1. So, by mean Cβ neighbours within 10 angstrom, what's the order for 23-36, 87-100 with the highest one leading?
2. Please list, in chain and number order, the residues 5+ apart from Val41 or on another chain whose amide H is under 5 Å from its amide H, with Hs placed from the backbone.
Amino acid sequence: MTQSHHHRVPDLADFEAVANQTFAQLPATFRDMTQEVVIRVEDFPASEVLESLHIDSPYGLLGLYHGIDLTRQSVLDVSPLPEMIFLYRRPILAYWQSHDEALEDIIAHVLIHEIGHHFGLSDDDMERIESEAAG
């Protein structure tokens with residue numbers, strides 16, 4: 001276990017602060033393109049979300065991009081809801097407790113992966129962005 005595992009487990013507000021700080025450390029060009037995306041932290045995904053993705057455990061999903069990715073959007077599309085990235089605190093904390101990684105690194109990985117879905121990025125693109133963020 002890393003030393004960070006011995007700190008107090010972050011509540012929703014703490015977790016959101018870590019997520020915002022982690023987001024702020026992502027490459028500027030990447031952040032600039034995501035200004036319309038809302039990042040939300042929730043303890044668990046809704047049961048309807050798990051059912052629609054055929055995921056049995058509420059711990060089986062760390063994050064979710066909700067919206068139409070930019071590769072499929074049209075200027076004629078009217079989106080009733082903002083594009084959102086959900087970070088699921090309890091599954092991320094469970095992952096953190098069983099792996100030797102800093103919580104901030106795990107949150108960055110999930111954020112980049114979910115933002116990557118927004119842009120229709122490849123796994124290689126997301127890996128490169130993660131490397132730049134870890135810089």
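1. Sorting 23-36, 87-100 by mean packing, highest first, produces 87-100, 23-36.
2. Excluding prolines and chain starts, which carry no amide H, the hits are Leu87.
Values quoted throughout were computed directly from the atomic coordinates according to the rules given, and no laboratory measurement underlies them. Treat the numbers as computed from the prediction; the structure is a model and nothing was measured. Neighbour counts are summed over all protein chains in view; Cβ atoms, including those assigned to glycine, are modelled from backbone coordinates with ideal geometry.
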